[in-house]
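Below: the structure, in structure tokens.
Here, each number is a calculation from the coordinates, and none is a lab measurement. Because the structure is a prediction, the values reported are computed rather than measured. Methodologically, a virtual Cβ is constructed for each residue, glycine included, from the backbone with ideal geometry; neighbour enumeration extends over all protein chains shown.
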Amino acid sequence: MKSYTYLFIDISTILVPLVFSLHPKLRFDKQWPNFIPSLLIVGAVFLIWDEYFTRIGVWGFNPDYLIGVSVFNLPLEE
């Protein structure tokens, strides 16, 4: 179970705000056409940043808390 810690934290940080965004008074779901492109652009920038900093050794990830799958030198959870 320890190896799923990072994945659980990631899912929680996405799922909780997503559930609350569907509240009838907020209706964030109407903003998806604006939200998705901005999410992809910002996400791509930070994934490139994370991969570079991991490669040069500025930071790393504790394998005890990861499921063990890596993509482009980054754990899947990232």
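Numerical summary
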{"quantity": "Trypsin sites (Lys or Arg not before Pro) lying in DSSP loop within segment 1-63, provided at most 16 other Cβ fall within 10 Å", "calculated": "Lys25, Arg27"}
{"quantity": "Added length on full extension, which subtracts the Cα-Cα distance from 0.36 nm per residue, Phe28 to Trp49", "calculated": "4.7 nm"}
{"quantity": "Phi to ³J(HN,Hα) by Karplus 6.51 cos²θ - 1.76 cosθ + 1.60 over segment 28-37, Hz, x for Gly, Pro", "calculated": "5, 4, 6, 9, 3, x, 8, 6, 4, x"}
{"quantity": "20 °C / 1.002 mPa s Stokes-Einstein diffusion coefficient of the chain, Kirkwood radius on C-alpha pairs, µm²/s", "calculated": "148"}
{"quantity": "Length released on extending from Lys2 to Val16, taking residue separation times 0.36 nm less the Cα-Cα span", "calculated": "2.9 nm"}
